[in-house]
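For reference, the structure discussed in these notes is given below.
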Amino acid sequence: MASASKTATVCAHGGGGSSKLVSVAADTVAAGRSEGEDRRDSSKFGLESVIRPVDSMPGPSFRVRGYFVEWQKWNFRIGFTPREGLVIHSVAYVDGSRGRRPVAHRLSFVEMVVPYGDPNEPHYRKNAFDAGEDGLGKNAHSLKKGCDCLGTIKYFDAHFTNFTGGVETIENCVCLHEEDHGILWKHQDWRTGLAEVRRSRRLTVSFLCTVANYEYGFYWHFYQLGTLIYSAEVSTRVSFDGKIEAEVKLTGILSLGALQPGETRKYGTTIAPGLYAPVHQHFFIARMDMSVDCKPGEAFNQVVEVNVRVDEPGENNIHNNAFYAEEKLLRSEAEAMRDCDPFSARHWIVRNTRTVNRTGQLTGYKLVPGSNCLPLARPEAKFLRRAAFLKHNLWVTRYDPEEKFPGGEFPNQNPRSGEGLATWVKQNRSLEESDVVLWYVFGIIHVPRLEDWPVMPVEHIGFTLMPHGFFNCSPAVDVPPNPACELETKDSEPSFRFEIDNYSEKKDRISSNTFVAGGCEWYLSVYPNGDHLADPDHFSLYLHVANQTMLRPGWKRNVSLYFTLLNQSDKELCRSNIAPCKVLDAKHLSWGFAKICPLSKLQENGVLEKDRLIIEVYINLIEAVDGKSGEVPEEEETMDINGFKVLASQVTLVRKIFAEHPDIALGLKSKDQVLKTAYMNVLIGLINTLNKPSHNHSKAELTKAESEWSELEEVGFKLDWLKSKLEGVILERKKVDDYGNKVIQLEERVKNLEQMENKMKRKIVECFLERKKAKDDGSRVKTLEERVNNLEVVDSSFRMDCLTLKSKSGAIHQVFGASNASKLLSKLPMEDRCEAAITIYYEAQARLQDPIYAQLEILKQQATESMMTTDTPSLENPNYYRDTKLQQLQQSLDLHRHHNRHHQDRSLDTESDSDLRNIMTSYSELDQHLNTFNQYHNGGNDVLSASFGYISYS
């Protein structure tokens, strides 16, 4: 495959010669711990041992082996050529269990073109190809520490052949260093007020060169966890958010033209009397041979263009606010000639076609353009025949080892057949799944200003490679907190609390007991009346390393710390500044503040309650190096004390020993100076061990102390006074052990009792719940029994009502008809139906007992019987029944009125008249139904029967 021909070497060939980097001794740092998951405890991040503050950083956080660089989770190789300058090879990210994940095979700046916009002599001919015609690498600078780079720096020399065939060396040509880059991320919870913030760190690889009048700095910035950014100072940087930034920085002296007095030029800026600077452009071309998630020999990448589109008004955009990202696969080289479009936020993603993230999307890295432009010269301009690659901002080609430079191998002879990027893409090779190379063209338009003269301040330009679905979540969550910020959050847990009673009576220096913090023993020294060697008018406080003579060669502690002064009520009286990064080693065993607060502040009435001062120290360990046994320490000045050569730091203690015990060494058998020094060191170490508090002694230490005491006694030291102290310490330690054992036993008993208590509490709660449940169940049973009894009573009553209603239903059926009564009852509420049924029953009984109703029933029956006969004239004369029945009805009414005249009760007569009116109304309804019959008489007897059936039940 094509990619198989690539080699990740640091030796490359460019126009005119070869180059390589000088082999240098590798810088090493402590290896990081295994990756952890706790996002609050920085000791579990796996980055704790390599992330150090940039200010006063004791050593590098990166590791260099030859030309191979490792930093955080990035690794890559550094190369250099006389044409391109800095080249980055084999960029990869180590992603936990997924291992080493490649991002790019080769990154470099392959060309630079500077066309001028003045059509006058000689400026129209200024269209230099600074890389192809001159060479960026061979014009590189030798960098100097403190000017071009700051912090802990690793330099690389560059060697290449010159035009005479000799070897040319540029010392300190490439700079590797890390730097702080502001805030990486921050969030404050508005509910709790708690805030989390992380600072960004980036590793920068850079070089600078001078091409004629301009200086260019080229930088690759690697950010923590995966971003590469390129800028025109040209360096490479990597950041915690996983991106790579390319940046170019432009500075130097403007190219000028002369003016006659009073003359101005349209195509430039007058920057001084008689001088003008023509307008011009700077174009840079970055070649990026990508290999996103591709192992050696694989070619599984594709390029997708993303544009943000605005939705048209309609069903999907009823609020006119909709927009979305639209992707388009660039399938061939002809389709992949693209330009930047800030109006659609256009960018491009290089994806692996066979690797997905946890959401099933293809993993990738996206190219995010920065500020950019295209050539302002017309297409017919001569320089564009050689620089046709400037006509588009992005070109994508399939990898070919012969296609290295966009203007061809020899751009000063271009155009030639088959040379250059614009010619290569005419092959229109497929890009759907291949080994892709991105050629990104970015430029800047420089309209000079007066402030650019006599030397131009730096201008920045660049682009970014940013992970897009490459990780399953933000890789920045692994970044531990800043040590200084971490100190601010630990006020509730001081490393040590030192209480001084009767403070006003103290005059001389006060030392605290030894305490342990960050795996090291410390003690405090306090100057109540000020440190007269520093400032006698201020309260002074210092932190010291304890047991200094026991420290191994190479021992070192890097800490952040601060102090607070409190009164008895824990009211803060004063707080020191935070010391963000202080290194303590064999030469610097103490650190503190000579001026914490004025003495007058502590001497004010009422400030110190009960004359007690409390000091709290907060220590955060950043780096710990315990040193190695057997290493030879650096030479330190020694002094002779009574025939013993002792270090300057031991003089005070040795003099005190001889002052209190002048005969201590009179019986010493050995006269060898080396042995005497060794014995004295053993004695000093023994004394320091015994001076520690009893609870800080381990059994191993005391056993060793007994052995050392015996050895010193054997060689002639008189140490009776030390024996009694050793025995006292052993006795105290035994008491402490006994007391500790009792405490452990009591703690075990308390623990057992607590467990028993918890079991009893659970039993009590279970019993209570069971009783409550039983009580609730009994109450529910009683309630259900009452409801059943009530239902039985209701059921009995209902049965009686049903029997009564059954006996009454006959009368209702006879008078009103069962269906009509049911229809009426169905329209009433349920609770009113029983009463309504009884009312209907009484009405039916009353009508059955009424003689008039009896006559009506007889008439109805006769009418029905007459209509059922076969020789009925109803079909021919439907009015026959109406006339006949009305006559009979009139006769009945006359008889009824005659009968009522014999009664004196006028109210009865009135009631009967009312009933007769009702009857007449009924027959009027009969008349209406007969009319209906006339209309439908052809329908047969069924209609007739239906009409009279309805009348009979009405």
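The values are calculated or read from the model by the stated rules, or taken from the named source; none is laboratory data. These figures come from a predicted structure and were not determined experimentally. Reconstructed Cβ throughout: ideal geometry from the backbone, glycine too, with neighbour counts over all protein chains shown. SASA here: full protein model, heavy atoms, side chains in, ligands and nucleic acids out. Shrake-Rupley method; radii C 1.70, N 1.55, O 1.52, S 1.80 Å.
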Check your understanding: Which of (1) in a loop (DSSP other than H, G, I, E, B); (2) closer than 30 Å to residue 202 by Cα; (3) in contact with a Phe, Trp or Tyr (Cβ under 7 Å, 6 or more places away or on another chain); (4) modelled with pLDDT under 90 is the odd one out, the single condition residue 471 does not satisfy?
Key -> (3)
**Study point:** Sole residue being among the hydrophobic types (A, V, I, L, M, F, W, C) and either in contact with a His (Cβ under 9 Å, 6 or more places away or on another chain) or within 27 Å of residue 427 (Cα to Cα) (or both), chosen from 322, 345, 334
**Key:** 334
Check your understanding: If a residue has to be under 21 Å from residue 441 (Cβ atoms) and either open to solvent by 60 Å² or more (accessible area, probe 1.4 Å) or in contact with a helix residue (DSSP H, G or I) (Cβ under 7 Å, 6 or more places away or on another chain) (or both) to count, how many in segment 281-297 make the cut?
Key -> 2
Revision key, fill the gap. Across (1) in a loop (DSSP other than H, G, I, E, B); (2) within 20 Å of residue 653 (Cβ to Cβ), residue 549 clears everything bar (1)
Revision key, fill the gap. Quick count over segment 577-607, residues being β-branched (Val, Ile, Thr) and within 37 Å of the chain's Cα centre (by Cα), is 2
Review point. Has segment 267-280 got at least one residue that is under 30 Å from residue 458 (Cβ atoms), open to solvent by less than 70 Å² (accessible area, probe 1.4 Å) and in a loop (DSSP other than H, G, I, E, B)?
Key: yes
Exercise for review: Quickly run through segment 593-627 and pick out the residues that are of a type in the set (Gly, Ala, Ser), over 25 Å from residue 553 (Cβ atoms) and not in a helix (DSSP H, G or I).
Suggested key: 594, 606
Practice item. Sort out which residues of segment 484-506 are within 30 Å of the chain's Cα centre (by Cα), open to solvent by less than 40 Å² (accessible area, probe 1.4 Å) and either modelled with pLDDT of 80 or more or not hydrophobic (A, V, I, L, M, F, W, C) (or both), and write them in order of number. Key: 486
Review point. In segment 180-210, how many residues are closer than 27 Å to residue 131 by Cβ and either of a type outside the set (Val, Ile, Thr) or open to solvent by 50 Å² or more (accessible area, probe 1.4 Å) (or both)?
Key: 6
Check your understanding: Does segment 650-675 hold any residues that are buried (at least 17 other Cβ atoms within 10 Å of the Cβ) and touching a strand residue (DSSP E or B) at 6+ places or on another chain (Cβ under 6 Å), and which are they?
Key -> 654
Check your understanding: Going by the conditions given, is residue 835 over 60 Å from the mean Cα position of the chain (by Cα), at pLDDT 70 or above and loosely packed, with under 13 Cβ neighbours inside 10 Å?
Key -> yes
Review point. Considering segment 356-396 alone, what residues qualify as being crowded, with 20+ Cβ neighbours inside 10 Å and hydroxyl-bearing (Ser, Thr, Tyr)?
Key: 363, 365
Exercise for review: Kindly check whether there is at least one residue in segment 292-299 that is assigned to a strand (DSSP E or B) and either in contact (Cβ under 8 Å) with a residue 60 or more places away in the chain or on the phi > 0 side of the Ramachandran plot (or both).
Suggested key: no
Practice item. Please verify whether segment 507-524 includes one or more residues that are at pLDDT 85 or above, open to solvent by less than 10 Å² (accessible area, probe 1.4 Å) and either in contact with a strand residue (DSSP E or B) (Cβ under 8 Å, 6 or more places away or on another chain) or not in a strand (DSSP E or B) (or both). Key: yes
Point to revise | segment 108-122, residues that are buried (at least 21 other Cβ atoms within 10 Å of the Cβ) and more than 30 Å from residue 78 (Cβ to Cβ) | key: 115, 116
Review point. Of the residues 319, 347, 392, which single one is within 32 Å of the chain's Cα centre (by Cα) and modelled with pLDDT of 95 or more?
Key: 347
Study note, to complete from the structure: Exception for residue 191 within (1) in a strand (DSSP E or B); (2) under 34 Å from the mean Cα position of the chain (by Cα); (3) not aromatic (Phe, Trp, Tyr) falls at (1)
Study note, to complete from the structure: Scanning segment 426-470 for residues that are of a type in the set (D, E, K, R), farther than 30 Å from residue 105 by Cα and in contact (Cβ under 8 Å) with a residue 24 or more places away in the chain, the one surrounded by the most Cβ atoms within 10 Å (Cβ to Cβ) turns out to be 452
Check your understanding: Which ones in segment 570-592 are farther than 16 Å from residue 496 by Cβ and modelled with pLDDT under 85?
Key -> 577, 578, 580, 581, 582, 583, 585, 586, 587, 588, 589
